[in-house]
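This report refers to the structure that appears directly beneath it.
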Amino acid sequence: MELSWRDKRDKASRRLFYGLFFLLPLTAVFGHRGLAPWLLLASLPAFARGDFWQAAFGKLFDNPSLKDPKFAGFTAILFFCFWIFLSGFWSPKHHFGLALYVLAPVLVGGSVTWYALNLSRIWAWRLGRAFLLAIVGGMVVLALEGASGGVLRGLLPPQEADPSRDTIALARGVTALTPALFPAAAIAVRLWSKPAAVLAVILGLIAAALNDVTANVVAILIGMAATMVALAIPRTALKISACGAIAVLFAFPIAAMFIPVDAIYAYVESEASADTKAAIASLMHRLAIWKATATESIGGLPFGHGADYARMFKEVAPRIDVPGMPLPVSVSPNHPHNVFIQVWLELGVPGIAALTIFLYYGLITLLRANLSKAVSAASVGAFAAILVSVTVEGSLWQVWRMAAMALAASGVALLHSLEKR
């Protein structure tokens with residue numbers, strides 16, 4: 001019997017997902033920035049379905065009400081993006097297009113998540129297994145690359161003049177997959193066993209440790225701890241996660257202004273060995289970055305200095321001697337290495353308010369969804385890993401980081417589909 005158009009469309013969509021999950025480990029190894037176009041391709045099956053447009057947007061706008069947490073949260077993130085666009089008028093760089101750096105991953109990631117939530121039982125199982133294998137496979141290849149010094153990246157042109165660039169790229173590949181590791185581990189429990197889930201997390205830790213970015217190791221360890229807490233008290237853990245993020249949004253920039261950078265540097269210079277200084281040089285630099293950019297943010301309130309102001313500030317910011325670094329460095333690189341400070345610096349009170357509302361209504365939406373213990377734990381673990389990343393190294397204008405969040409959300413959605421069925 002000849003297949004209908006819908007059957008052909010669905011068959012092509014699932015084959016596309018298989019191909020994309022096969023490519024995901026290679027994307028993490030050879031180009032972490034490719035995660036954004038990867039996500040765009042993954043959204044095509046949803047965009048090709050009429051019920052997506054009706055369910056994902058029609059229901060939101062047929063009877064719009066701020067009492068609906070999904071509508072309120074969606075409105076908040078839309079306003080956040082609109083404010084990014086408006087801030088381009090007073091930003092020194094006038095980068096109006098930066099709003100798309102946030103809006104596009106939100107819409108595209110939302111479509112992939114919707115698709116994962118609306119799978120049949122057999123396809124939830126198949127794509128859940130493919131997601132798990134893709135994340136674990138990515139961590140295995142990244143671990144092998146870290147152990148071998150990037151042998152696969154060395155096989156393909158162009159050859160990097162500075163070997164450290166390959167090291168950084170591989171570490172970013174681990175960063176891109178880390179939030180998705182937690183829904184992948186939960187899927188492993190659902191499809192196979194608890195030892196399989198433990199093995200998946202251990203492989204992630206090995207990949208993180210072998211690719212020389214401490215933040216990735218910390219993110220996985222904190223994500224593991226958060227997952228354990230969520231398995232015991234799932235709803236409370238969800239509340240702690242969202243409220244904790246809001247607290248960090250308000251408290252971290254204020255606390256950063258009072259970091260005693262000079263005293264810390266003097267102590268490290270006098271007490272630490274040369275090897276210790278080299279090991280903690282990046283952290284020492286971040287302390288100065290956070291203090292300088294958080295202090296600079298006060299002068300831009302209430303509306304912020306405008307999107308991408310940090311790049312302009314870099315041109316006039318002073319340079320300092322950091323323990324363990326051979327040359328003086330700027331206290332303001334391309335971004336503050338902290339998304340919360342960046343929101344204060346560039347988007348001001350409206351940006352802070354919109355992000356707070358989005359986080360709050362996101363929490364309410366999850367609480368009302370009556371998630372299973374496994375889905376809650378995977379959500380909390382992924383969120384904790386994301387929170388570590390955006391606190392110590394992230395930027396709003398790195399689209400691949402937004403895509404990494406969406407990849408993790410799609411994994412949670414796949415797990416939810418498995419749990420429901």
Select, from Ala196, Ala230, Ala208, the only residue that is under 18 Å from the mean Cα position of the chain (by Cα) and within 30 Å of Leu170 (Cβ to Cβ). Ala208
Does segment 215-235 hold any residues that are β-branched (Val, Ile, Thr) and touching a residue at least 24 places away in the same chain (Cβ under 8 Å), and which are they? Val218, Ile220, Ile222, Thr227, Val229
Only one of these is under 15 Å from Phe383 (Cβ atoms), aliphatic (A, V, I, L, M) and in contact (Cβ under 8 Å) with a residue 40 or more places away in the chain: Leu238, Leu210. Name it. Leu238
Cβ-Cβ below 8 Å, separation at least six or inter-chain, first residue in segment 71-94 and modelled with pLDDT under 95, second basic (Lys, Arg) and open to solvent by 60 Å² or more (accessible area, probe 1.4 Å): which pairs? Lys93/Arg311
Name every residue in segment 363-421 that is touching a Lys or Arg at 6+ places or on another chain (Cβ under 6 Å) and either of a type in the set (A, V, I, L, M, F, W, C) or more than 15 Å from Ala242 (Cα to Cα) (or both), in order of residue number. Gly394, Trp400, Leu418, Arg421
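Which one of Ala292, Ala263 is in a helix (DSSP H, G or I), among the aliphatic types (A, V, I, L, M), more than 27 Å from the chain's Cα centre (by Cα) and at pLDDT 95 or above?
Of Ala292, Ala263, the one residue that is in a helix (DSSP H, G or I), among the aliphatic types (A, V, I, L, M), more than 27 Å from the chain's Cα centre (by Cα) and at pLDDT 95 or above is Ala263.
Pick from Val108, Val136: which is part of a helix (DSSP H, G or I), of a type in the set (A, V, I, L, M) and under 30 Å from Leu199 (Cβ atoms)? If you could, list the steps in order and put the result at the bottom.
Values: Val108 fails: under 30 Å from Leu199 (Cβ atoms).
Every option except Val136 fails the conditions.
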Give me the residue from segment 179-195 that is at pLDDT 95 or above and of a type in the set (A, V, I, L, M) and, out of that set, most open to solvent (accessible area, probe 1.4 Å). Val189
Could you figure out which of (1) exposed (fewer than 15 other Cβ atoms within 10 Å of the Cβ); (2) within 30 Å of Gln54 (Cα to Cα); (3) modelled with pLDDT under 95 isn't true of Trp114? (1)
Need a quick list: helices (runs of 4 or more DSSP H) entirely within segment 1-82 having at least 3 residues that are under 22 Å from Gly138 (Cβ atoms). 5-30, 35-47
Would you check if Val390 is in contact with a Leu (Cβ under 7 Å, 6 or more places away or on another chain), assigned to a helix (DSSP H, G or I) and not aromatic (Phe, Trp, Tyr)? no
Sort out which residues of segment 267-304 are among the aliphatic types (A, V, I, L, M) and open to solvent by 60 Å² or more (accessible area, probe 1.4 Å), and write them in order of number. Ala274, Ala278, Ala279, Leu283, Ile298, Leu301
Within segment 308-345, residues hydrophobic (A, V, I, L, M, F, W, C), out of contact with any strand residue (DSSP E or B) (no Cβ under 8 Å at 6 or more places or on another chain) and not in a loop (DSSP other than H, G, I, E, B) come out as Ala310, Met312, Phe313, Val316, Val339, Phe340, Ile341, Val343, Trp344, Leu345
Single match in Val329, Val339, Val316, Val343 (criterion: within 22 Å of the chain's Cα centre (by Cα) and open to solvent by 10 Å² or more (accessible area, probe 1.4 Å)): Val339
If you check Leu41, Leu24, Leu60, which single one turns out to be surrounded by 14 or more Cβ atoms within 10 Å (Cβ to Cβ), without any contact (Cβ under 8 Å) to a residue 40 or more places away in the chain and under 19 Å from the mean Cα position of the chain (by Cα)? Leu41
Exactly one of Val331, Val388 is at pLDDT 95 or above and among the hydrophobic types (A, V, I, L, M, F, W, C), and that one is Val388
Take Val399 and tell me if it is under 18 Å from the mean Cα position of the chain (by Cα) and touching a residue at least 60 places away in the same chain (Cβ under 8 Å). yes
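The values are calculated or read from the model by the stated rules, or taken from the named source; none is laboratory data. Predicted, not measured: the structure shown is a model, and the values here were computed from it. When we count neighbours, we look across all protein chains shown, and the Cβ atoms used for this are built from the backbone with ideal geometry, even at glycine. In case anyone asks, the SASA skips ligands and DNA or RNA and just uses the protein heavy atoms, side chains included. Shrake-Rupley method; radii C 1.70, N 1.55, O 1.52, S 1.80 Å.
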